[in-house]
1. Would you mind stating whether Trp81 is modelled with pLDDT of 95 or more and touching a Leu at 6+ places or on another chain (Cβ under 8 Å)?
2. If you check Glu108 against the conditions, is it within 9 Å of the chain's Cα centre (by Cα), touching a residue at least 24 places away in the same chain (Cβ under 8 Å) and surrounded by fewer than 23 Cβ atoms within 10 Å (Cβ to Cβ)?
3. Inspect all residues belonging to the stretch 23-44 and state whether any of them is aliphatic (A, V, I, L, M) and in contact with a Lys or Arg (Cβ under 7 Å, 6 or more places away or on another chain).
4. I'm trying to understand the selection: among the residues of the stretch 58-88, which are farther than 18 Å from Asn109 by Cβ, touching a residue at least 12 places away in the same chain (Cβ under 8 Å) and among the hydrophobic types (A, V, I, L, M, F, W, C)?
Amino acid sequence: MDDLLKKKVSHLTEDKKLLDQSSVTIYLQSLAGWSIQKIDEEQALYKSFKLKDFSSSVEFAQKICDIANSNDHHPRLIVNWGKLEIYWWSHDMGGINTNDVIMAAQTENIYNKT
């Protein structure tokens, strides 16, 4: 995961391509607990994070909002009492791109510091 944390989200045209299934599988090996889920018929990276209570879930969601806005790459967040569900995928490409993997790693890093 450390290698992913060193990477930056890219919005360059040449970087706008979906990852193939084998690449996603390799990345998932370094992202504990993340899986591939379908959302709106597109593949997305998904993880459900356990938190202490509703306020903790909202605070964690706000931290994800902050990195999403600073990277101009936004997930689907579902806030529940003691749980935050996160889906990262590239809406404009219809699946998983390197940016999604980078953002999942950043999400994991923030959670581990919480």
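1. no
2. yes
3. yes
4. If the condition is that a residue be farther than 18 Å from Asn109 by Cβ, touching a residue at least 12 places away in the same chain (Cβ under 8 Å) and among the hydrophobic types (A, V, I, L, M, F, W, C), then Val58, Val79, Trp81 are the ones that fit.
The values are calculated or read from the model by the stated rules, or taken from the named source; none is laboratory data. It should be emphasised that the depicted structure is a prediction, and the values quoted were computed from it without experimental measurement. With ideal geometry, Cβ positions are generated from the backbone for all residues, glycine too; neighbour counts draw on all protein chains shown.
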